[in-house]
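Structure, as structure tokens:
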Amino acid sequence: GDEGLGLPASRALSMGVHESQSLLWERMVLQSKPFWEFAAPLFHARFPFTAEATAADFFRTYNRVSPGCIRVEADEVTYPLHVILRYDIERALFRGEMSVAEVPAYWVRRMKEDLGVHVPDDAR
């Protein structure tokens with residue numbers, strides 16, 4: 001219905017708020033031991049093939065360290081490095097120290113230097 005339309009809770013306030021809420025749920029809740037101690041039995045009931053997985057197994061799965069090209073799929077260690085790289089690029093662009101045309105090569109170089117990740121193409 002229309003109840004609550006126009007109130008802050010009825011729409012995204014900003015990308016900053018969206019990002020902070022995503023991080024809260026994805027990083028602070030989903031990746032916590034207490035969450036998996038609570039959720040493992042629920043997963044087992046809904047997905048019987050997970051019955052042998054313990055809460056510790058789920059916890060380890062969601063807390064792996066594996067650098068990659070995609071920030072939202074990044075692990076706990078490399079996620080902040082993605083954010084730092086984006087900030088460095090944005091700052092250089094706004095200061096006029098880098099052109100838009102230079103961004104892809106800079107991204108590829110920094111991903112390799114900072115994260116040890118090979119970027120296969122500009123789309124990643």
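The values are calculated or read from the model by the stated rules, or taken from the named source; none is laboratory data. Model, not experiment: these values are computed from the prediction. Cβ coordinates were reconstructed from backbone atoms using ideal geometry, including for glycine residues, and neighbour counts include every protein chain displayed. Surface accessibility is based on the protein's heavy atoms, side chains included, excluding ligands, DNA and RNA. Shrake-Rupley method; radii C 1.70, N 1.55, O 1.52, S 1.80 Å.
Helix 79-94 and the longest principal axis of the C-alpha atoms of the chain enclose an angle of approximately 30°. By accessible area, using a 1.4 Å probe on protein heavy atoms only, the chain has 61% of its surface on carbon and sulfur.
Residues of the stretch 18-39 with the amide nitrogen closer than 19 Å to a label point 7 Å from the Cα of Ala56, along Cα-to-Cβ, please. It comes to 31-39, nothing else. Computed extension length for Val100-Lys112: 2.4 nm, one decimal, from 0.36 nm per residue of separation with the Cα-Cα distance subtracted. For the chain, the solvent-accessible area of protein heavy atoms averages 72 Å² per residue (probe radius 1.4 Å; ligands and nucleic acids excluded). Comparing Gly16, Val65, Gly6 along the charge dipole axis of the chain, the residue lying farthest to the positive side is Val65, per the Cβ-charge model.
Here the stretch 36-124 was treated as a single set of alpha-carbon atoms; its pair distances binned every 5 Å from 0 give 3, 13, 18, 16, 12, 10, 8, 9, 6, 4, 2, 0 percent. Our estimate of slack between Phe47 and Asp121, defined as 0.36 nm per intervening residue step minus the Cα-Cα distance, is 23.0 nm.
Roughly how many debye, to the nearest 20, is the charge dipole of the chain about its Cα centre, given +1 on each Lys and Arg Cβ, -1 on each Asp and Glu Cβ, and no other charges? Intermediate values should be presented prior to the final figure.
On the way: 14 positive and 18 negative charges, 34 e Å.
Using Cβ point charges on Lys, Arg, Asp and Glu, the chain gives about 160 debye.
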